[in-house]
Amino acid sequence: MSFPIFEGLFGSKVRARLVRFFILNPTTAYATAEISEKTLLSRSDIARDILKLKKMSMLKESTRKGVKTYQLHSDFPFYTELKSLVVKSNSDIPRQMFKKFRTAGDVKLILISGMFLNNPKSKADMVLVINNAHRVKLKQSIEKLEAEIGQEVRFVVMDTDELHYRLNMLDRFLIEFMEGPYQEVLNRLPELKRFVAGLKR
């Protein structure tokens, strides 16, 4: 299931993003300002669609230090089904979502695992190899990705020199990451393919 299909099921990008956010963060209550910061949606859009989700009994409202907060109803009857849809859509991240990383530097490698492949044993959701990385633009790209998928992304970023050093040292993190389920979104490093082939012998 792709993101456009998921959005179509809920009638709008705003509502789909809110559903994803609350389904993936079910135990925390958030104020509108916090939701806006994490989803990159406007407060007015959030307020409008939260009312609709409340009417569906998906969200409950409470007050924290005089500020209204919203949280997923613990007994929401379709939680399991919706979470399954969310996880499935996360595993089908379209390549165009990662085009935004091109502004963060010379991107050589993007590997995904963890939440994207429903692999809770992975210690990272994404490994990025970027030369001449622009830290501000990288941070902005990660924030946009997190807003899209509704959850914090655990990522590791390095340049090719660090990657080569880690591979030569048989870095435990990289070996465990590549021995588990992972997917290549972008790979411009043929030496990594040879390394992985060596692990499989």
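Points to keep in mind about this one:
- Check on Gln151, among the polar types (S, T, N, Q), in a helix (DSSP H, G or I) and closer than 30 Å to Val14 by Cα: no
- Residue ID - farthest from the chain's Cα centre (by Cα), chosen from residues in segment 154-177 that are assigned to a loop (DSSP other than H, G, I, E, B) and closer than 18 Å to Val196 by Cβ: Met169
- Hits in segment 56-91 (condition: of a type in the set (Lys, Arg) and either in contact with a Pro (Cβ under 8 Å, 6 or more places away or on another chain) or farther than 18 Å from Arg15 by Cα (or both)): Arg64, Lys65, Lys68
- Test: residue in segment 48-59 that is more than 30 Å from Gly180 (Cβ to Cβ), crowded, with 19+ Cβ neighbours inside 10 Å and acidic (Asp, Glu): yes
- Just one of the listed residues (Lys139, Lys65) is within 23 Å of Leu40 (Cα to Cα) and surrounded by fewer than 16 Cβ atoms within 10 Å (Cβ to Cβ), namely Lys139.
- Unmet requirement for Asp161, which otherwise passes all of (1) out of contact with any Ser or Thr (no Cβ under 9 Å at 6 or more places or on another chain); (2) crowded, with 20+ Cβ neighbours inside 10 Å: (2)
- Within the option set Leu163, Leu128, Leu167, Leu192, being outside the structural domain of Leu41 (by TED's automatic domain parsing), among the hydrophobic types (A, V, I, L, M, F, W, C) and under 17 Å from Thr103 (Cα atoms) holds for one residue only, Leu128.
- Residue among Glu162, Glu191 that alone is over 23 Å from Lys121 (Cβ atoms) and modelled with pLDDT under 90: Glu191
- Taken over segment 83-104, the criterion of being surrounded by 20 or more Cβ atoms within 10 Å (Cβ to Cβ) and at pLDDT 85 or above is satisfied by Phe101, Ala104.
- Glu184 surrounded by 16 or more Cβ atoms within 10 Å (Cβ to Cβ) and touching a residue at least 40 places away in the same chain (Cβ under 8 Å): no
The values are calculated or read from the model by the stated rules, or taken from the named source; none is laboratory data. Values in this document were obtained by computation on a predicted structure and should not be read as measured data. As a convention, Cβ positions derive from the backbone with ideal geometry for all residues, glycine included, and neighbour counts pool all protein chains shown.
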